[in-house]
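Heads up, the thing below is written out as C-alpha cells.
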Amino acid sequence: EAIAPFKTFQLFVPGEPPLDKIKAMTLALAEDFGIAGRGRSVVAGARAELATRRRRLASIGTRDVLLVDVGDANHVRVYGADSLFGETLAQLGLTNAWAGGTRYSAAAPVGIEALAAYPEAFLIVVGPVPSDAETEMRNGALWRALPSVAAGRFAVIAPCNAFGALPAALRLARLVT
C-alpha cells in the first residue's frame, strides 16, 4: 500500500459460482483505473458472447458434459458448478454432469474410473495433457473402456486457465462451442 492501493477480491468460494463476482471485480477495477465505460463494455461483451454461443449450442442439441483436466494417466480434476469452467458451461446452457463435490480449486481430484459413473456424458478434457497420460488416453484399456470415450463422446481442447476471469471464460466458451 506504500506504492499503490491494495485490493483483494473473493472470487472462488466453495459452493458459490464465481462469474458474477468476476464481473463485479472487472467493473470495480475499471472504475479504479478511470475506465468504467470500458469495464461495462467488457462485461456486456462477455454476456453477449455467452448468450450467442448458448443459442448456437441450443440449436444443435446437447447432452450432459463432464469437463476435466488430466493430472496424470490415472487421475483427473473434474470441474464443478462452483468453478469458473462449471459456471461457463451453465452459461452456455450445458448441464454439468458432475454431481460430486469439489475442493479448494472448485474441482474434484478423482481417479479416472469415477468418470464411468456418467456413461451418457460428453467428456471434454482441457489441455495440456501430460505426455504419459496422453499415451494412456490413446492406448490404455481403462481410458478406452470409459463409456464416453468408447462411444466417441470425447474431445481434448486447447489449454485454458481455470482462474483466468472473463478472458478464460470466453476462451473456454469458444473452445467448447
*Tell me which of these Leu66 doesn't satisfy, since it passes every other one: (1) in contact with a Ser or Thr (Cβ under 8 Å, 6 or more places away or on another chain); (2) more than 25 Å from Gly127 (Cα to Cα); (3) open to solvent by less than 30 Å² (accessible area, probe 1.4 Å); (4) among the aliphatic types (A, V, I, L, M).*
(2)
*Checking Thr52 against (1) without any contact (Cβ under 8 Å) to a residue 24 or more places away in the chain; (2) touching a helix residue (DSSP H, G or I) at 6+ places or on another chain (Cβ under 8 Å); (3) open to solvent by 40 Å² or more (accessible area, probe 1.4 Å), which test does it fail?*
(2)
*Those residues of region 83-104 which are open to solvent by less than 20 Å² (accessible area, probe 1.4 Å) and under 12 Å from the mean Cα position of the chain (by Cα), in sequence order*: Ser83, Leu84, Phe85, Gly86, Thr88, Leu89, Leu92, Leu94
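Determine which member of the set Thr62, Thr88 is assigned to a helix (DSSP H, G or I), in contact (Cβ under 8 Å) with a residue 40 or more places away in the chain and at negative phi. Give the steps one after another, and end with the answer.
On the way: Thr62 fails: assigned to a helix (DSSP H, G or I).
That would be Thr88, the only listed residue that is assigned to a helix (DSSP H, G or I), in contact (Cβ under 8 Å) with a residue 40 or more places away in the chain and at negative phi.
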*Which condition breaks for Ser105 when tested against (1) at pLDDT below 95; (2) within 20 Å of Ile60 (Cα to Cα)?*
(2)
*asked:* Quick check on my filter: what residues within region 12-28 are in contact with a Phe, Trp or Tyr (Cβ under 8 Å, 6 or more places away or on another chain), within 15 Å of Phe163 (Cα to Cα) and modelled with pLDDT of 90 or more?
replied: Pro18, Lys21, Met25
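Could you list, in sequence order, the residues of region 91-119 that are of a type in the set (A, V, I, L, M) and at negative phi? Before the answer, list the steps.
Initially, region 91-119 is screened for residues of a type in the set (A, V, I, L, M), giving 92, 94, 97, 99, 106-108, 110, 112, 114-117.
Of everything in region 91-119, those that are of a type in the set (A, V, I, L, M) and at negative phi turn out to be Leu92, Leu94, Ala97, Ala99, Ala107, Ala108, Val110, Ile112, Ala114, Leu115, Ala116, Ala117.
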*Using the structure shown, decide if Arg47 is assigned to a helix (DSSP H, G or I) and crowded, with 19+ Cβ neighbours inside 10 Å.*
no
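Here's the yes/no breakdown for (1) at pLDDT 95 or above; (2) of a type in the set (S, T, N, Q); (3) within 11 Å of the chain's Cα centre (by Cα); (4) open to solvent by 20 Å² or more (accessible area, probe 1.4 Å):
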{"residue": "Gly127", "(1), (2), (3), (4)": "yes, no, no, no"}
{"residue": "Thr135", "(1), (2), (3), (4)": "no, yes, no, yes"}
{"residue": "Arg138", "(1), (2), (3), (4)": "no, no, no, yes"}
{"residue": "Arg144", "(1), (2), (3), (4)": "no, no, no, yes"}
{"residue": "Ala155", "(1), (2), (3), (4)": "yes, no, no, yes"}
{"residue": "Phe163", "(1), (2), (3), (4)": "no, no, yes, yes"}
{"residue": "Leu170", "(1), (2), (3), (4)": "yes, no, yes, yes"}
{"residue": "Arg174", "(1), (2), (3), (4)": "yes, no, no, yes"}
*Under the condition of being in a loop (DSSP other than H, G, I, E, B) and either in contact with a Pro (Cβ under 8 Å, 6 or more places away or on another chain) or open to solvent by less than 40 Å² (accessible area, probe 1.4 Å) (or both), which residue from region 69-82 is farthest from Leu175 (Cα to Cα)?*
Ala73
*Residue list for region 1-41, restricted to those being assigned to a helix (DSSP H, G or I), of a type in the set (A, V, I, L, M, F, W, C), open to solvent by less than 50 Å² (accessible area, probe 1.4 Å) and under 30 Å from Ala107 (Cβ atoms)*: Leu19, Ile22, Met25, Ala28, Ala30
*Can you name the number of the only condition in (1) under 18 Å from Ala173 (Cβ atoms); (2) surrounded by 11 or more Cβ atoms within 10 Å (Cβ to Cβ); (3) not charged (D, E, K, R) that Ile60 fails?*
(2)
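The values are calculated or read from the model by the stated rules, or taken from the named source; none is laboratory data. Just so it is clear, the structure is predicted and the values come from calculations on it, not from any experiment. Neighbour counts are summed over all protein chains in view; Cβ atoms, including those assigned to glycine, are modelled from backbone coordinates with ideal geometry. Remember, those area values only see protein heavy atoms, side chains included, never the ligands or the DNA or RNA. Shrake-Rupley method; radii C 1.70, N 1.55, O 1.52, S 1.80 Å.
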